[in-house]
1. Taking 0.36 nm per intervening residue step and subtracting the Cα-Cα distance, what contour gain separates GLN72 from LEU33 on full extension?
2. Search the structure for amide H atoms under 5 Å from the amide H of ALA38, placed 1.01 Å from N in the peptide plane, and list their residues when 5 or more places away or on another chain.
3. Grab the alpha carbons of the chain, take their convex hull, and tell me the volume per residue in Å³.
4. Evaluate the distance, in nm, between pseudo-label points positioned 7 Å from the Cα of HIS135 and of VAL85 along their respective Cα→Cβ axes.
5. In nm, give the distance between the simple-model label positions of ASP155 and ARG20, each being 7 Å from the Cα along the Cα-to-Cβ direction.
6. Return a whole-number percent for the relative contact order of the chain, with Cα pairs under 8 Å and 6 or more residues apart as the contact set.
7. On the protein heavy atoms, probe 1.4 angstrom, tell me the percent of accessible surface of the stretch 57-116 carried by carbon and sulfur.
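The values are calculated or read from the model by the stated rules, or taken from the named source; none is laboratory data. Values in this document were obtained by computation on a predicted structure and should not be read as measured data. We place every Cβ from the backbone using ideal geometry, glycine too, and count neighbours over all the protein chains shown. All accessible areas refer to the heavy atoms of the entire protein, side chains included, with ligands and DNA or RNA removed. Shrake-Rupley method; radii C 1.70, N 1.55, O 1.52, S 1.80 Å.
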Amino acid sequence: MIPPLIGLTTDREISNRQTRLLNVPEEYSQAVLRAGGAPVLIPIGFRSADLPELIDRLDGVILIGGGDIGPQHFHGQPHPRVGGVEPDRDELELTLVRLLVEADKPFLGICRGLQVMNVALGGTLFTDISAQKEHALRHDWYPNHPRDYLAHPVDIAAQTRLDKITGGGPLLVNSLHHQGIDVLSPHLTATAAAPDGLIEAVELPNARFGLGVQWHPEWLWTSPANQAIFQALVEAAGG
Ligand code: MN
């Protein structure tokens with residue numbers, strides 16, 4: 001049997017050899033492989049007009065983490081810490097989310113991926129949590145901390161997809177983000193929150209599989225609850 005094809009979005013980077021790289025941190029690929037899926041790339045530069053056909057040929061998609069989304073996409077406040085904006089990546093991924101929803105194709109958004117889901121579907125972001133959210137915990141445990149550092153717990157709402165997948169919270173997670181959801185998209189349900197109230201997971205109700213998490217489960221795969229997220233995506237993609 002051919003394993004479910006899971007498209008992974010890509011990041012762009014200039015290497016120290018002056019080469020332009022489209023990359024996917026290996027942890028995402030390993031998490032998909034471990035779950036029985038076959039990871040394939042959705043490169044920045046892929047024509048938006050061809051996305052519907054690509055989506056048709058994929059069984060599922062993961063929107064990976066990365067830099068910030070251009071604040072103009074959600075009327076966000078300018079902030080000096082906004083960084084790593086890749087306009088063509090934003091364009092591609094925002095279109096991708098809308099098409100995935102339309103096609104009811106299983107997908108998972110991780111970190112930036114959750115933020116892309118929210119913005120694509122009409123929500124907004126704090127462009128810097130520590131500057132804009134009152135009584136916020138520290139969420140930006142990077143770059144000088146191990147990426148699997150367990151920074152804070154999340155509470156998981158009962159009877160949600162995430163609750164069923166993980167077996168319920170509280171779940172200790174890593175936290176490698178300085179932005180987060182401010183106004184939630186009317187199409188999404190918040191299904192996990194940090195102790196400061198920040199939304200840490202969202203779901204698309206009634207979809208085959210539409211889940212976003214603000215943390216990085218691919219770095220926490222030795223925890224069964226986190227690897228189960230990839231397992232659930234691949235299962236939905238294969239169904
Ligand atoms: Mn966090």
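1. Between GLN72 and LEU33, full extension yields 10.5 nm more.
2. Amide H neighbours of ALA38, under 5 Å, 5+ apart: LEU5, ILE6.
3. 126
4. 3.2
5. 4.7
6. 21
7. Heavy-atom surface of the stretch 57-116 belonging to carbon and sulfur, 1.4 Å probe: 49 percent.
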